[in-house]
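A.B. asks: Sharing a structure, written as structure tokens. Questions coming.
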Amino acid sequence: MKKKHILALALAALITLSACGASPSELPEPTTPGSEAESEELGIAPAADAVFSLNYSSGQSLNPYATNDLNNILISQLVCDNIYELDDDYNLTSRVIADYEVSNGTYWTFTVKEGIPMHDGSTLTAYDLAYSISLARRTSRYSGRFLCLYGVSASSETTFHVSTTRANTLLPYLLTVPIVKDGSASQARPVSCGPYRYVEGQDYVEAFEGYGRSMPVDRIYFREYSGAEQIITAFEDSYIDLVLNDSSSSANLGYGGNNETRWYHTTNMHYFGFNMSSELLSNAAVRGALAYAVDREAAADTYMQGAAIASALPISPLSPLYNEQIAASLEFNLSNCLQALKNAGLSDMDNDGILEYVSYSVMHDAEIDLIVCSQSAGKGDVCKRFAEDMETIGVKVNVRELSWADYLAELMDYDLDGEPDGGFDMYYAEVKLGADFDLSAILTENGSLNYGNLADESYETYINEFLAAGDFDRDERCADMLSYIAMNTPIIPVCFERHQVITHRNVITGMEVTANNIFYNIPDWSITFGEIQEG
């Protein structure tokens, strides 16, 4: 019963695995009609008022560690600095960390910059940062990245320590978590050190003078709208001024009009997974052949409507760790797929146009049962395209689009021996990886997202060697890991998602956003309101 004992962990991991939609190195320019030239011609979008407002859920906490409400999490990013910031070029910076030392990749000592003011008049300390990391590891939003965290504690006002159960020299890339004051877990509006601060009893945040830089507006107000229609109307009427959107999810609100859309890149990876108990797909050569049959560019640009970036590897193409040479060897090519299938022993043995294979002296048609969640834009279309392409070379792929509940039931259906019950051969999924691209949850035997019963201990070895590598050999260890994955094909990566920040035409300039902080460079923003609408 190998899988049953990790059921609770697997269910928790569904926060990060979302088959239904639960990083080019510079941010793209705003999409049509939001290019700078077009925006100047169109002018500034009309304003409902002369204040900047965000949507808000009054019944939920504004503490980033006490809510999963996306509106309130967005507001909290105005108030709570992150320990580290990571931009789309994978550059790591920190406003609060002065330096760190690491021993054996498992014991870290961080030094906190002195004299950083907090909103209550106190000064930021190492105790605040250690406390924030402790909170993060206990929340569903961040816990997946901290599975190897052993302990965190402060030893002085300026020094805190983090220990891990295994070496991971990329740990700082996981510390893109919000800072709250030590002891504030139960507070709905916690103290932090970010560019804005909460005002008790008021539905707005105000610029924090102690931040040391001026803000584009003195106050940002909260307005409350619920339901897709009400939110869209409030935004289109300019009562709220900035919204987020995941156009690949079932929650896609489909904002239209003359707005500006900026994309930010995520570590949400789409991929095909395999049931390793499948008679046909237990053969690594067959799985490797199928990697040639995935048109990733079409998946990202057409079926995901530009809301993704194609990737042949389980590492974002924006990361400096992405290996172009290995990726090029996996490019979409149906002729290569067919030849690889033939090399693996498949052929049209009875001249019926369908490839067959022999198992235990019995001939079988090459047929694959593929499951995908039906409640998400694009994913089903990617699977159907894969099926159509495979049919042209003689392999039948039956695509079953399931509800989220039925999809999960199929993934979690194991017999008493811990083996998949054989209800599927392949599945299409999405997982939110950490910025260290640790694949342990998917590829290790007891990984919480190992739904295909993968049992190759070598993956864990390669992953651990990559994570433990230093600056001088990290690229080589990463290439070793990616080569082994490409050779054995436990999964087929497809793309990494991009999400949207939508604002009104020409209202905000100088804006950069990241996956961990929409207000990443808010001191550099300029906010200009249009003519106030009458009535």
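Let's see how each residue does on (1) among the acidic types (Asp, Glu); (2) modelled with pLDDT of 95 or more; (3) buried (at least 22 other Cβ atoms within 10 Å of the Cβ); (4) in contact with a Cys (Cβ under 9 Å, 6 or more places away or on another chain):
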site	(1), (2), (3), (4)
Tyr428	no, yes, yes, yes
Asn446	no, no, no, no
Gly452	no, no, yes, no
Ser458	no, yes, no, no
Asp473	yes, yes, no, no
Ser483	no, yes, no, no
Asn488	no, yes, no, no
Asp524	yes, yes, no, no
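A.B. asks: A further question on this structure: Can you tell me which residue in the stretch 227-243 is nearest to Ile502 (Cα to Cα), limited to those that are part of a loop (DSSP other than H, G, I, E, B) and touching a strand residue (DSSP E or B) at 6+ places or on another chain (Cβ under 8 Å)? Give the derivation first.
C.D. replies: Narrowing the stretch 227-243 to residues part of a loop (DSSP other than H, G, I, E, B): 227, 237-241.
Add one more test, that the residue is touching a strand residue (DSSP E or B) at 6+ places or on another chain (Cβ under 8 Å), and what stays is 238-241.
Values: Ser238: 12, Tyr239: 14, Ile240: 11, Asp241: 8 Å.
My answer is Asp241.
A.B. asks: Within the bounds of the stretch 362-370, is there any residue that is under 13 Å from Val494 (Cβ atoms) and assigned to a loop (DSSP other than H, G, I, E, B)?
C.D. replies: No; the residues of the stretch 362-370 include none that is under 13 Å from Val494 (Cβ atoms) and assigned to a loop (DSSP other than H, G, I, E, B).
Table: residues versus (1) in the same structural domain as Tyr484 (by TED's automatic domain parsing); (2) charged (D, E, K, R); (3) on the phi > 0 side of the Ramachandran plot; (4) surrounded by fewer than 20 Cβ atoms within 10 Å (Cβ to Cβ).
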residue: Ser226; (1), (2), (3), (4): no, no, no, yes
residue: Phe235; (1), (2), (3), (4): no, no, no, no
residue: Ser238; (1), (2), (3), (4): no, no, yes, yes
residue: Asp246; (1), (2), (3), (4): no, yes, no, no
residue: His270; (1), (2), (3), (4): yes, no, no, no
residue: Val286; (1), (2), (3), (4): yes, no, no, no
residue: Ala298; (1), (2), (3), (4): yes, no, no, yes
residue: Ser316; (1), (2), (3), (4): yes, no, no, no
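A.B. asks: Answer yes or no as to whether Thr176 is more than 30 Å from Ile508 (Cα to Cα) and in a loop (DSSP other than H, G, I, E, B). Spell out how you get there, then give the answer.
C.D. replies: Values: more than 30 Å from Ile508 (Cα to Cα): no; in a loop (DSSP other than H, G, I, E, B): yes.
No.
A.B. asks: For the stretch 515-525, indicate whether the set of residues that are under 30 Å from Leu74 (Cβ atoms), over 23 Å from the mean Cα position of the chain (by Cα) and of a type outside the set (Phe, Trp, Tyr) is non-empty.
C.D. replies: So the first thing to find is which residues in the stretch 515-525 are under 30 Å from Leu74 (Cβ atoms), and the list is 515-525.
From what is left, the residues that are over 23 Å from the mean Cα position of the chain (by Cα) are 523-525.
Checking the rest, the ones that are also of a type outside the set (Phe, Trp, Tyr) come to 523-524.
Looking through the stretch 515-525, at least one residue is under 30 Å from Leu74 (Cβ atoms), over 23 Å from the mean Cα position of the chain (by Cα) and of a type outside the set (Phe, Trp, Tyr).
A.B. asks: Would it be correct to say that Ala308 is touching a Cys at 6+ places or on another chain (Cβ under 8 Å) and either modelled with pLDDT under 95 or of a type in the set (A, V, I, L, M, F, W, C) (or both)? Explain how you work it out, then say what you get.
C.D. replies: Numbers: touching a Cys at 6+ places or on another chain (Cβ under 8 Å): yes; either modelled with pLDDT under 95 or of a type in the set (A, V, I, L, M, F, W, C) (or both): yes.
So Ala308 passes the test.
A.B. asks: If the requirement is being more than 17 Å from Thr139 (Cβ to Cβ) and β-branched (Val, Ile, Thr), which of these qualifies: Ile83, Ile97?
C.D. replies: Numbers: Ile83 fails: more than 17 Å from Thr139 (Cβ to Cβ).
Within the list Ile83, Ile97, the selection yields Ile97.
A.B. asks: I've got another one for you. Could you tell me how many of the residues in the stretch 206-236 are of a type in the set (D, E, K, R), modelled with pLDDT of 90 or more and farther than 20 Å from Glu512 by Cβ? Give the steps one after another, and end with the answer.
C.D. replies: Just the residues of the stretch 206-236 that are of a type in the set (D, E, K, R), to begin with: 206, 209, 213, 218-219, 223-224, 229, 236.
Still in the list and also modelled with pLDDT of 90 or more: 206, 209, 213, 218-219, 223-224.
Within this subset, residues satisfying the condition of being farther than 20 Å from Glu512 by Cβ are 206, 209, 218-219, 223-224.
Going through the stretch 206-236 one residue at a time, the tally reaches 6.
A.B. asks: Pairs, please: C-beta under 7 Å, at least 6 apart or cross-chain, first residue of a type in the set (Asp, Glu) and in the stretch 369-393, second surrounded by fewer than 19 Cβ atoms within 10 Å (Cβ to Cβ)?
C.D. replies: Every condition considered, the pairs that remain are Asp369/Asn398; Asp369/Arg400; Asp389/Leu334.
A.B. asks: (1) farther than 28 Å from Ser440 by Cβ; (2) in a loop (DSSP other than H, G, I, E, B): which one isn't true of Thr139, the others all being true?
C.D. replies: (1)
A.B. asks: When the residues of the stretch 105-145 are filtered to those that are among the aromatic types (Phe, Trp, Tyr) and at pLDDT 95 or above, which remaining residue is surrounded by the most Cβ atoms within 10 Å (Cβ to Cβ)?
C.D. replies: So in the stretch 105-145, the residues among the aromatic types (Phe, Trp, Tyr) come out as 107-108, 110, 127, 131, 142.
So of that shortlist, the ones also at pLDDT 95 or above come out as 107-108, 110, 127, 131.
On the way: Tyr107: 15, Trp108: 20, Phe110: 27, Tyr127: 18, Tyr131: 23.
Taking the candidates together, the pick is Phe110.
A.B. asks: Something else: Yes or no: Asp203 over 28 Å from the mean Cα position of the chain (by Cα), over 30 Å from Phe437 (Cα atoms) and at pLDDT below 90? First the steps, then the outcome.
C.D. replies: On the way: over 28 Å from the mean Cα position of the chain (by Cα): yes; over 30 Å from Phe437 (Cα atoms): yes; at pLDDT below 90: no.
Here the answer is no, as Asp203 does not meet what is asked.
A.B. asks: Hey, can you tell me all the residues within the stretch 371-402 that are assigned to a helix (DSSP H, G or I) and surrounded by fewer than 20 Cβ atoms within 10 Å (Cβ to Cβ)? Break it down into steps so the answer makes sense when it comes.
C.D. replies: At the first step, the residues of the stretch 371-402 found to be assigned to a helix (DSSP H, G or I) are 379-392.
Once the filter is applied, which keeps residues that are assigned to a helix (DSSP H, G or I) and surrounded by fewer than 20 Cβ atoms within 10 Å (Cβ to Cβ), the stretch 371-402 yields Gly380, Asp381, Lys384, Arg385, Ala387, Glu388, Asp389, Glu391, Thr392.
A.B. asks: So, one more: With the condition kept exactly as written, say whether any residue in the stretch 324-337 is out of contact with any strand residue (DSSP E or B) (no Cβ under 9 Å at 6 or more places or on another chain), assigned to a loop (DSSP other than H, G, I, E, B), within 30 Å of Arg474 (Cβ to Cβ) and aliphatic (A, V, I, L, M).
C.D. replies: no
The values are calculated or read from the model by the stated rules, or taken from the named source; none is laboratory data. All of these numbers come straight from a predicted model, not from anything done at the bench. As a convention, Cβ positions derive from the backbone with ideal geometry for all residues, glycine included, and neighbour counts pool all protein chains shown.
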